[in-house]
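Colleague: Dumping the structure here so I can ask a few things about it.
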Amino acid sequence: MLVLSRKINQSIMIGDNIRIVVVAVDRDQVKLGIEAPRDVSVHRSEIYEEIQRTNQTAAASPGSPAGKPEAVPAKLASSLRPRPARKKSSDEH
Amino acid sequence: MSLWMEQTMETAQPMTKEFPRFGECAFAPSDVIEFPWGIPGFPNLRRWLALSVESQGSFVWLQSIEDVQIALPTADPYFMFDDYDPKLPAYAAEALGIESPGDFTLLCVLVVTENAHEMTMNLFAPVVVNLRTRKARQIVLENSGFSVRQPVPRKTESEAAR
C-alpha cells in the first residue's frame, strides 16, 4: 500500500480526475473531501463490504425460495418493466 | 461464409446454456443484462440473465452467464414494499445513461434462509437496470436510511411467491 503524509487542506490525486482533500483532523478522526467524476461511486468501505457479504449470502440461498434443491425450469423474466407512476391514493388495495 | 450469414449469426442466433439451478436456458444476445462494474461480491461477473420460475411469482433470478454456479434471487421491491420510492443518486443515472423514469427498473437482492422461513430484501442497494441499453449496476443509497436486510413480511412474501 502506498502511504503518503498530508497536512490539512493538502490533497492527493488518484488518476487524472479524483482528488481527495484532508479537510479536518480531530484526534483519531479524519474528515476527507472527495472530488470525483459523477459516475464514480464513493462509499465508506464497511458499507460496501456489507453489500458484498449480503450478495454472497443471497447467492447461497436455497435452490429456490420454496427450498427445492433440484434444478427448477426457468425462463427469461418477462416482468422487467419500468416502475409505474407513483399513485397518491391507495387505490391498489 | 457470406456476409449475410455472419450477420445472421450475430444478431439472431439464440444461445443455450446449462445452469445447475435451472437446467438449460435459451436466450438471445439482446436478453443479456450487462453489469459493466460487476456486482459487489462478484466484481468479475459482467453478463447476467434475468430468469423467472413459474411457481415463484415475482421472483427474478439474476443468473451469471460466466459462472453458472452463481445466481442471486431478487424481486421488484414494489411487490413487497409499495411505498418504496428511492431517489436515484446522480452517479447512477449518469453511469447508466438514464434520462427518464421510464428507462429503468429496480431489482432488490433477497436473502432467503435455509428453511425458507425468513426472507430479507436489500432496499439500501437496489440493482438499477436500464431497460433501453440493458446495462445495470447495483447502486448504494448513501444516507437513505434503507436497510440492507429489510425483513419481508410473511404475508407479502407468500403473496409474491405464489
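The values are calculated or read from the model by the stated rules, or taken from the named source; none is laboratory data. Keep in mind that this is a model prediction, so the values were computed, not measured. When we count neighbours, we look across all protein chains shown, and the Cβ atoms used for this are built from the backbone with ideal geometry, even at glycine.
Colleague: Applying the selection to segment B:51-71, what residues are touching a strand residue (DSSP E or B) at 6+ places or on another chain (Cβ under 6 Å) and closer than 15 Å to A:ALA58 by Cβ?
Modeller: Once the filter is applied, which keeps residues that are touching a strand residue (DSSP E or B) at 6+ places or on another chain (Cβ under 6 Å) and closer than 15 Å to A:ALA58 by Cβ, segment B:51-71 yields B:LEU51, B:PHE59, B:VAL60, B:TRP61, B:LEU62, B:GLN63, B:SER64, B:ILE70, B:ALA71.
Colleague: Being buried (at least 17 other Cβ atoms within 10 Å of the Cβ) and in contact with a Gly (Cβ under 9 Å, 6 or more places away or on another chain) narrows it down to one residue among B:PHE79, B:PHE59; which is it?
Modeller: B:PHE79
Colleague: Here is a further query. So which residues in segment B:27-46 are within 25 Å of B:PHE124 (Cβ to Cβ), over 11 Å from the mean Cα position of the chain (by Cα) and part of a strand (DSSP E or B), if there are any at all?
Modeller: Within segment B:27-46, B:PHE42 is the sole residue that qualifies.
Colleague: I've got another one for you. Restricting to segment B:117-150, name every residue that is at the interface with another protein chain (Cβ under 8 Å from one of its Cβ atoms) and within 18 Å of A:SER41 (Cβ to Cβ).
Modeller: Answer for segment B:117-150, where residues must be at the interface with another protein chain (Cβ under 8 Å from one of its Cβ atoms) and within 18 Å of A:SER41 (Cβ to Cβ): B:ASN122, B:PHE124, B:ALA125, B:VAL129, B:GLN138, B:ILE139, B:VAL140, B:GLU142, B:VAL148.
Colleague: What number goes with the only condition from (1) at the interface with chain B (Cβ under 7 Å from one of its Cβ atoms); (2) surrounded by fewer than 14 Cβ atoms within 10 Å (Cβ to Cβ); (3) at pLDDT 80 or above that A:GLU46 does not pass?
Modeller: Failed condition: (1).
Colleague: To continue, here is another question. Determine if segment B:10-19 includes at least one residue that is of a type outside the set (Asp, Glu), closer than 30 Å to B:ARG154 by Cβ and facing chain A (nearest Cβ under 7 Å).
Modeller: Scanning segment B:10-19, I find no residue that is of a type outside the set (Asp, Glu), closer than 30 Å to B:ARG154 by Cβ and facing chain A (nearest Cβ under 7 Å), so the answer is no.
Colleague: Does B:VAL140 qualify as being within 21 Å of A:ARG53 (Cα to Cα) and out of contact with any strand residue (DSSP E or B) (no Cβ under 9 Å at 6 or more places or on another chain)?
Modeller: yes
Colleague: Which count do you get for residues in segment B:62-76 that are closer than 21 Å to B:GLU114 by Cα and either buried (at least 21 other Cβ atoms within 10 Å of the Cβ) or aliphatic (A, V, I, L, M) (or both)?
Modeller: First pass over segment B:62-76, keeping only residues closer than 21 Å to B:GLU114 by Cα: B:62-63, B:68-75.
Restricting the remaining residues to those that are either buried (at least 21 other Cβ atoms within 10 Å of the Cβ) or aliphatic (A, V, I, L, M) (or both) gives B:62-63, B:68, B:70-75.
Count: 9.
Colleague: Identify, from the list B:ALA90, B:ALA71, B:ALA125, the residue that is more than 20 Å from A:ASN55 (Cβ to Cβ) and of a type in the set (A, V, I, L, M, F, W, C).
Modeller: The unique qualifying residue is B:ALA90.
Colleague: May I pose another question? Taking segment B:106-136 as the region of interest, how many residues are buried (at least 17 other Cβ atoms within 10 Å of the Cβ) and of a type in the set (S, T, N, Q)?
Modeller: 3
Colleague: Please tell me if A:ASP16 is part of a loop (DSSP other than H, G, I, E, B) and surrounded by 14 or more Cβ atoms within 10 Å (Cβ to Cβ). Walk me through how you get there before you give the answer.
Modeller: Details: part of a loop (DSSP other than H, G, I, E, B): yes; surrounded by 14 or more Cβ atoms within 10 Å (Cβ to Cβ): no.
Criteria not met by A:ASP16.
Colleague: Of the conditions (1) part of a strand (DSSP E or B); (2) at pLDDT below 95; (3) under 14 Å from B:VAL127 (Cα atoms), B:LEU51 satisfies every one except a single condition; which number is it?
Modeller: Only one criterion in (1) part of a strand (DSSP E or B); (2) at pLDDT below 95; (3) under 14 Å from B:VAL127 (Cα atoms) is unmet by B:LEU51, namely (3).
Colleague: Mind listing whichever residues of segment B:87-102 are closer than 12 Å to B:PRO126 by Cβ, more than 9 Å from chain A (Cβ to nearest Cβ) and buried (at least 17 other Cβ atoms within 10 Å of the Cβ)?
Modeller: B:LEU88
Colleague: Something else now. Do the conditions hold for B:PHE35, that is, is it surrounded by 20 or more Cβ atoms within 10 Å (Cβ to Cβ), touching a residue at least 24 places away in the same chain (Cβ under 8 Å), more than 8 Å from every other protein chain (Cβ to nearest Cβ) and of a type in the set (A, V, I, L, M, F, W, C)?
Modeller: So B:PHE35 fits the description; yes.
Colleague: Also: Suppose the filter is in a strand (DSSP E or B) and at pLDDT below 90; does B:GLU24 pass it?
Modeller: yes
Colleague: Can I ask one more? Take segment B:41-56 and flag every residue that is surrounded by fewer than 17 Cβ atoms within 10 Å (Cβ to Cβ), over 25 Å from A:ASP39 (Cα atoms) and in contact (Cβ under 8 Å) with a residue 12 or more places away in the chain.
Modeller: B:SER55
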